[in-house]
Amino acid sequence: MSIPDIIEKIARGTTEIIDRDALVKKLKDSARTKKPLRVKAGFDPTAPDIHLGHTVLLRKLRQFQDLGHQVIFLIGDFTAQIGDPTGRDQLRPKMDAARIAANAKTYKKQVFKILDPKKTEVVFNNKWLSGLSSQKLLGLTALTTVAQMLARADFRKRFDEGKEISILEFVYPLLQGYDSVHLKADIELGGSDQKFNLLMGRQLQAEFEQEPQVVIMTPLLEGTDGVKKMSKSLNNYIGIEESPQEIFGKVMSVSDELMMRYYEVVTDCDLESVRGLHPKEAKLKLAQEIVAQFYDQKAALNSRADFEKVFSRRQVPDDMPEYRIAAGEGIVEILVKAQLAPSKKEARRLIQQGSVSQGEEKVAREDWVVKPGVLKVGKRRFLKLK
C-alpha cells in the first residue's frame, strides 16, 4: 500500500491524530529501514470482559499488525491499582490485586479474537513501575506542574466545585506517560477521553530525548441504547464472548443512525455500498459481519437464520440448550444454573421486569410453578425445560 492509502486506512474511524506529518515520516522511515514501528495501547483490567466498545481500539491495532508493525498490548496492572481519573468526579476505589490479576488473565485470552498473537507483545506495567525508586518518581513529578494538571478538564471541574483531588491522581498520567518512555513507543492509541494522558507520553519522551510518539485517538462507542458510552454496568454492551445469537440480536436492536457509526468503527465494509442497502438488510449485514469477527461465517449465517426464524416468523429456534428440572427447583435457581442470569439477584430482577416467560404466559413471581416446555428470557434467549 502507498503511504496515502495507509494513512486513509488508519484514519478511518479516528477522532484525532497528533500529528499526521510525524506519522507519515515514521511510516516512510519504517518502510526505508524495514524496521517495524512499535505501536502501543494500554488497558486497565478493571473489568473482566471485553465488549464491542473496546474493539474499536483493538481493530486499529490489528490494522497496524496487518501493515507489518509490532503491537504492544499493555495491561496496566500497576496503574489499575491507582485508577484512571479520566472522567471521574471522585477518587476511584482501590482495586484488589487478586481481582486485577484475574481480569488481566481473561483480557489476554479475549484480545486474540482480534489481534494476531504472533505479532503481539503482551506486557504488564507492574514489571517496571513497581521498581521505580522514590528518586525517579520524584524526578517524573518535576517534569510537569500543578497548573498543567489543573488545565485538564475533569480536574478543573472538580477543583472549581471544591471536590477533592488526590496527589495520587496527578501521578496517574505521569505513569502512563512513562510507560511510553520505557517501551520506546512510536505510536500510542487510545480513546478520545484519554487525550491528556496520551499527550503526557509525548511530553515525557521529549524530556527523555526520545522522538515523541504519534497519538491516534478513537471515539467512545455508544452502547445499544444509542446514548451512553458502551458499558457493562449500564447493560448497553455487546460482549465479544457472548453467544453468536446474543451478539446478532443485540446488534439488530441498535438504531439505524447508530448502525452507520458501528459500520465505520468496527467493520472494514465500504460505507457507500452500505448506504445503498435497505436499512433492514444493512443491519442484518452488520450483525452478520460482527458475529463473523468473533466466531466464523458459519456461526454468523446460523445466527442470521435463527434471528429471521424467531423474529420474522415469530418461531422458536430449533437448536436451544436443554435443562432437566430437579425436584423442588424454582425458577430463580433454574435461571442461574442455566446461566441465563449471573446471580439470584439478577434472576429476580428479570422476573420483576417481565423479561421471563413460558409459552404465552409471563413468569410474574418467584414461586412460579415450573413445568416442562420452552422458557424465554428477554427477546433472544431460549431454554428447553425437561
- Take the residues of segment 145-171 that are in a helix (DSSP H, G or I) and aliphatic (A, V, I, L, M): which is surrounded by the fewest Cβ atoms within 10 Å (Cβ to Cβ)? ALA147
- Message: On the basis of being within 19 Å of the chain's Cα centre (by Cα) and over 25 Å from ILE10 (Cα atoms), does ASN197 make the cut?
- Response: no
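Among the listed residues THR120, THR141, identify the single one that is out of contact with any helix residue (DSSP H, G or I) (no Cβ under 6 Å at 6 or more places or on another chain), among the β-branched types (Val, Ile, Thr) and surrounded by fewer than 17 Cβ atoms within 10 Å (Cβ to Cβ). Working first, answer last.
On the way: THR120 fails: surrounded by fewer than 17 Cβ atoms within 10 Å (Cβ to Cβ).
Only one candidate qualifies: THR141.
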- Every residue from segment 17-30 that is surrounded by 15 or more Cβ atoms within 10 Å (Cβ to Cβ) and farther than 15 Å from PRO212 by Cβ: LEU27, SER30
- Hey, can you tell me all the residues within segment 103-117 that are in contact (Cβ under 8 Å) with a residue 40 or more places away in the chain and either surrounded by 14 or more Cβ atoms within 10 Å (Cβ to Cβ) or part of a strand (DSSP E or B) (or both)? ASN103, ALA104, THR106, TYR107, GLN110, VAL111, LYS113, ILE114, LEU115
- Task: Please work out if VAL254 is over 14 Å from the mean Cα position of the chain (by Cα) and closer than 24 Å to ALA282 by Cβ.
- Result: yes
- Run down ARG32, ARG38 and say which single residue is within 24 Å of the chain's Cα centre (by Cα) and basic (Lys, Arg). ARG38
- In segment 56-73, residue surrounded by the most Cβ atoms within 10 Å (Cβ to Cβ) [restricted to those that are among the aliphatic types (A, V, I, L, M) and outside any strand (DSSP E or B)]: LEU61
- Task: Please give the number of the condition SER243 fails out of (1) polar (S, T, N, Q); (2) over 23 Å from GLU188 (Cα atoms); (3) out of contact with any strand residue (DSSP E or B) (no Cβ under 9 Å at 6 or more places or on another chain).
- Result: (3)
- Does segment 369-386 hold any residues that are over 33 Å from the mean Cα position of the chain (by Cα) and in a strand (DSSP E or B), and which are they? GLY373, VAL374, LEU385
- Test GLY190 against the stated conditions and say whether it is crowded, with 19+ Cβ neighbours inside 10 Å and in a helix (DSSP H, G or I). no
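Restricting the search to segment 243-287, which residues are charged (D, E, K, R) and either part of a helix (DSSP H, G or I) or assigned by TED's automatic domain parsing to the domain that holds THR15 (or both)? Even if it seems obvious, please write down each step before you answer.
The first filter runs over segment 243-287 and keeps only residues charged (D, E, K, R), leaving 246, 250, 256-257, 261, 264, 268, 270, 272, 275, 280-281, 283, 285.
Scanning segment 243-287 gives GLU246, LYS250, ASP256, GLU257, ARG261, GLU264, GLU272, ARG275, LYS280, GLU281, LYS283, LYS285.
Kindly indicate whether ASP186 is over 21 Å from LYS26 (Cα atoms) and among the charged types (D, E, K, R).
Numbers: over 21 Å from LYS26 (Cα atoms): no; among the charged types (D, E, K, R): yes.
Taking the combined requirement at face value, the residue does not satisfy it.
Which residue out of ALA326, ALA364 is more than 26 Å from the chain's Cα centre (by Cα), over 28 Å from LEU234 (Cα atoms) and part of a loop (DSSP other than H, G, I, E, B)?
Values: ALA364 fails: over 28 Å from LEU234 (Cα atoms).
After applying the criteria, what remains is ALA326.
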- Message: Suppose we filter segment 255-265 for residues that are touching a helix residue (DSSP H, G or I) at 6+ places or on another chain (Cβ under 6 Å) and either among the aliphatic types (A, V, I, L, M) or surrounded by fewer than 18 Cβ atoms within 10 Å (Cβ to Cβ) (or both); how many remain?
- Response: 3
- Task: Report, by residue number, each residue of segment 158-209 that is among the β-branched types (Val, Ile, Thr) and touching a Leu at 6+ places or on another chain (Cβ under 9 Å).
- Result: ILE165, VAL171, VAL181, ILE187
- Query: Looking at LEU301, LEU284, which one is surrounded by 17 or more Cβ atoms within 10 Å (Cβ to Cβ), farther than 27 Å from PRO48 by Cβ and either in contact with a Phe, Trp or Tyr (Cβ under 9 Å, 6 or more places away or on another chain) or not small (Gly, Ala, Ser) (or both)?
  - Reply: LEU284
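Looking only at residues that are small (Gly, Ala, Ser) and more than 29 Å from ASN302 (Cα to Cα) in segment 200-259, which one is modelled with the lowest pLDDT? First the steps, then the outcome.
First, pick out the residues of segment 200-259 that are small (Gly, Ala, Ser): 201, 206, 223, 226, 231, 233, 239, 243, 249, 253, 255.
From the residues that got through so far, the ones that are more than 29 Å from ASN302 (Cα to Cα) too are 201, 206, 233.
Details: GLY201: 95, ALA206: 96, SER233: 74.
By that ranking, first place goes to SER233.
Among the residues that make up segment 172-182, is at least one of them part of a strand (DSSP E or B), within 23 Å of ILE50 (Cβ to Cβ) and touching a Lys or Arg at 6+ places or on another chain (Cβ under 7 Å)? Before you say what the answer is, go through the steps one by one.
Just the residues of segment 172-182 that are part of a strand (DSSP E or B), to begin with: none.
No; the residues of segment 172-182 include none that is part of a strand (DSSP E or B), within 23 Å of ILE50 (Cβ to Cβ) and touching a Lys or Arg at 6+ places or on another chain (Cβ under 7 Å).
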- Inspect segment 328-341 for any residue being surrounded by fewer than 18 Cβ atoms within 10 Å (Cβ to Cβ), touching a residue at least 24 places away in the same chain (Cβ under 8 Å) and not small (Gly, Ala, Ser) and give the result as yes or no. yes
- Which pairs do you get when a residue that is assigned to a loop (DSSP other than H, G, I, E, B), found in segment 207-236, comes within reach of a residue that is of a type in the set (A, V, I, L, M, F, W, C) and at pLDDT below 90, reach meaning Cβ atoms under 7 angstrom, with the pair 6+ apart or on two chains? GLY223/LEU234; LYS228/LEU234; LYS232/ALA47
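The values are calculated or read from the model by the stated rules, or taken from the named source; none is laboratory data. Note that the structure is a prediction, hence the values are computed from the model and not measured. Neighbour counts run over all protein chains shown; Cβ positions are idealised from the backbone, glycine included.
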